[in-house]
1. If you take each beta carbon of peptide A:244-257 and count the beta carbons of other chains within 10 angstrom, what is the mean?
2. Starting from the Kirkwood radius over alpha-carbon pairs of the protein assembly as shown, derive D by Stokes-Einstein at 10 °C in a medium of 1.306 mPa s and give it in µm² s⁻¹.
3. Measuring nothing but label to label, 7 Å from Cα along Cα→Cβ, what are residue B:128's distances to the other copies in nm, shortest first?
4. Between the stretch B:350-385 and the stretch A:365-422, what is the C-alpha centre distance in whole Å?
5. Cα gyration tensor of the stretch B:234-327, axes a ≥ b ≥ c as square roots of the eigenvalues: rounded (a/c below 1.5), prolate (a/b > b/c) or oblate?
6. With a cut-off of 8 Å between alpha carbons and a minimum separation of six or more residues, what is the relative contact order of the stretch B:353-433 in percent?
7. Classify the stretch B:124-430 as rounded, prolate or oblate from the Cα gyration tensor: take a ≥ b ≥ c as the square roots of its eigenvalues, call it rounded if a/c is under 1.5, otherwise prolate when a/b beats b/c and oblate if not.
8. Say a label goes 7 Å from Cα toward Cβ at residue B:382 in every copy; what distances in nm does this one have to the rest, shortest first?
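What follows draws every value from the coordinates through simple rules; no lab data is involved. No experiment lies behind these values; they were computed from the predicted model shown. All Cβ positions, glycine included, derive from the backbone under ideal geometry; neighbour counts span all protein chains shown.
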């Protein structure tokens, strides 16, 4: 239903980038000087796209081009090139609400499927920093602000429903990347899919989850919620590899998985990766934090993130004065109704929390028993240690899915982490936890 | 986001219809003979469109044209003409699953926004028949089959999610008619909207519902579900005026409100109109049914409808052998999981039931305290009697919204109907019912 690249489409190489930018005067002016003075680096880090950083005398730019295939796999794995359009659409849509938490886009080329955006420096990829034990205290605060604003302002709580429908007409065409999410997050880990990557020590865990009908029932509810709960525009891939940070600036990148879906998905995805970092931390080199173990900071950040998300989401809602169909002012304007509205708001956020827990469990499981694993664990060279760290995270994820009633608030979630730390490689023994 | 009519668009009149059909050879052949032998009648009955019936020597046709405004209101109320496209898309999409329960479409003209379809004769509009006390025993059976097939086969239970996304990309543009539904069903009745039509005797009821924060909270949940629960392709206006029937044939017409929404909406809408017929029945002329009061047949039909819907929905699901993302075979193939799947199926249908009860309550309220009222009540000339019939239905609807836990199954719903029959015009006295 979407066009592929035209015959005018060409894959950029590092040597072409300067010429491309020189042809666009505002971009060339941003860099300054002459093209011969520009330095270009190929920095592709994710799995999908080409990414170049270009520096000129006056400034830098980031050039991201979608390829008609998955970059790390090559032409044998074709991939919808329109993902560049969806990333551009996502960023444009959210810009009024999230300020500089998304990188500024200077140019979108719908023929070359190129996005030229702000070059972020000296930002680091959060995942790498977390593996090194470097704490970024702004991140949970900033990501909470980002997800709260995106979840509120693109929902039916903040606009006539026609606005969300216009978004749905766009993002419901983003099926190629959604197929990746649905398969890798919600289907493959519970099957013997060929692309699953399961370390030998975790085979009993993979088998236990594949044979656990209670668990697969809970995963089915989460999957159905992902497919049918059209609450707001979500990032869809908000893990620690999609966050660039300095000590006082945070940016969310890589919005190509954008989707109208449950608001709890981004919330759960972010927390999931902090939880995996928590389980991995004892096996990483000692962190340089002087006063406190890095994992305690990670646990505290999870609480901060949720509390800030909740407070800001509710804050946006309470402050909202516009027309919206979710809870129209004409129904909830008088004193009695506006007091009830506060109860309804809290119930709405509690529902996001409950969805988030199920999604975060699915995200942990897919990162350990599925195709695209995370460096938090893969960087642990001792395979026995790595499996133990992963087993702890798996045991926790399973408990979230089997016993959601035990996790009524974020404090209960974080307090439970140590209970699963030594779950070990024999999953049936710890199923009651 | 959608184009209006082009300069080539012309509003058909009864005298143009023959010339239009004569220009389309397959349609002319269907009628047979010469255009001079064709008889055309203007039979517009609904509020929105032009409808003509044309008879020729060999057969008849129904010609429906969308106007750029609401027919009964005239040009002062503009209305998206693309509703003809959405009705055509709805019918085409469902045809493989519902057989002849939808009228056959012979021709769609995307310039004139004309649908030429099967002429249904000697079918009557079900609402009129019900007011006259004429029972159509096939209707609940056929409508149940229709809604079950549409709800199952257009959901993520019966196809890869990309199929529903393609539907969403189409129907998420059908916002003009959704605006009518959202306003008239979920918003206006709980406000002092100018277009509400409230009989003087029901002013206390209108005030009571407007001031009932518990009720407005329940309506908000239903409204949010309508806006966010993208389960399947729904008709969106499945009342007894959208059903043409004979004693052995049933057709569902007027799919222009089509929408990807909660499967419980059509279920609840259909039942709501049977319930209103039940409350209205004592004030209609004596029914010709020899053995049983007509309202008892209506009550029995509600049970039949739900039971058939449930059985057929589950039946489609159990028989389904294709690929689908909701409950993939790779998760639920073995014996233990397939037994659990049956539990999950029942939970899915129970969720549709629970949604349906909230929607049906909203539908009853909007038909009594809102803009587009129904002949079931309006045909009761004695205004005191009419208000008492309406008050009973309102009291029942309120109870469904306030005390959903009392209505666990369809038997409980039907058994409760008499409890509200004499609720009367003082709503606070009966709020506990």
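1. 0
2. Values: Rh = 29.5 Å.
Stokes-Einstein gives a translational diffusion coefficient of 54 µm²/s.
3. Here the equivalent label points are 7.5 nm apart from this one.
4. 51 Å
5. On the way: a/c = 2.44, a/b = 1.82, b/c = 1.34.
Prolate.
6. Dividing the mean separation by the residue count of the stretch B:353-433 yields 34 percent.
7. Values: a/c = 1.78, a/b = 1.49, b/c = 1.19.
Prolate, because a/c is 1.5 or more and a/b exceeds b/c.
8. 8.9
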